[in-house]
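Laboratory data are not the source of any read-out in this text; all were calculated from the coordinates shown. Small disclaimer: the values here were computed from a predicted structure and weren't measured. All Cβ positions, even for glycine, are placed from backbone atoms using ideal geometry, and neighbour counts span all protein chains on display.
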Ligand code: F3S
């Protein structure tokens, strides 16, 4: 057996920064500390944060004023960011806010505000239920959100309006290029911003490469993480023997055999410790 890791995998820049912010705040701040939702999209990371003194406060509870936040408590905004309404509520509560929103998410939000102020209508491509998307679009008004090219094709865009097209950071690059090609062909009045995060496409490209040269691909990441699910999609397209697992307890050793080339990749919110535990479990069982 041979184990091959993807050239790019695991924690991205924004997630690493958000987790570091939590450790820093845990060391330097007394009093009650909260993270807003999951600081990153990984349950094991959230558990680790709870073990160093953080509690999770949910956006919905803040919006419904059902939270137990008090003046002076500390709240960290996660890498995906949050909505305009939640930030306002938090400011009104006079909590100490640490904004760990990834700079790439922030930049999309800034472009959206700039272009809307300039008079453009905004087309946003992404999952409208994803916290990142909910957060970004909350800073604009009447944003048209489309999940994919099919949904976009079904809409009635106006050829006389100016559109700015923005996307979720984790959008699949190939899907983005399809959308770009369609818009360029039919709507010269649409200005397209390519703000897909480099970390995402690098991990997707590396996974594609890995899936082609291995017999089995193990994608490690949270089952609810959008970028981990996309890595699985990419892996499956080249290698049907691909699986998404969250941690070593979910590893089914019966899917491996001695002469396999095993590919390992991980989503941008998967910590190295989890990757190592899985890799070691395979190595331990097959003497690699
Ligand atoms: Fe930021 Fe990209 Fe990670 S947008 S949070 S560096 S996947």
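Brief remarks on what is shown
- Counting neighbouring Cβ atoms within 10 Å and putting the fewest first, the residues 103, 40 line up as 103, 40.
- Contour minus Cα-Cα distance for residue 174 and residue 250 (0.36 nm per residue): 24.3 nm
- Relative contact order for the chain, counting Cα pairs under 8 Å that sit 6 or more residues apart, in percent: 22 percent
- Relative intensity, log₁₀ I(q)/I(0), of the chain from a Debye sum that treats every alpha carbon as a point, q = 0.13, 0.16 Å⁻¹: -0.94, -1.21
- The range 162-235: relative contact order as a whole-number percent, Cα under 8 Å and 6+ apart: 33 percent
- For the range 136-269, the spread of Cα positions along each principal axis, largest first, Å: 62, 29, 24
- Fully extended contour minus Cα-Cα distance, from residue 94 to residue 107, at 0.36 nm per residue: 2.1 nm
- Shape call, the range 216-260: gyration tensor on alpha carbons, a/c limit 1.5: oblate
- Calculated FRET efficiency for the pair residue 151/residue 273, C-beta based, R₀ 30 Å, to 0.05: 0.20
- Overall form of the range 178-231 per C-alpha gyration tensor (a/c, 1.5; a/b vs b/c): prolate
- FRET efficiency, 1/(1 + (r/R0)^6) with R0 41 Å, evaluated for residue 161 and residue 43 via beta carbons: 0.45
- On full extension, the segment bounded by residue 259 and residue 195 gains 18.9 nm, given 0.36 nm per residue less the C-alpha separation.
- Our summary of shape: the Cα atoms of the range 13-101 have principal axis extents of 28, 25, 18 Å, ordered from largest down, in whole angstrom.
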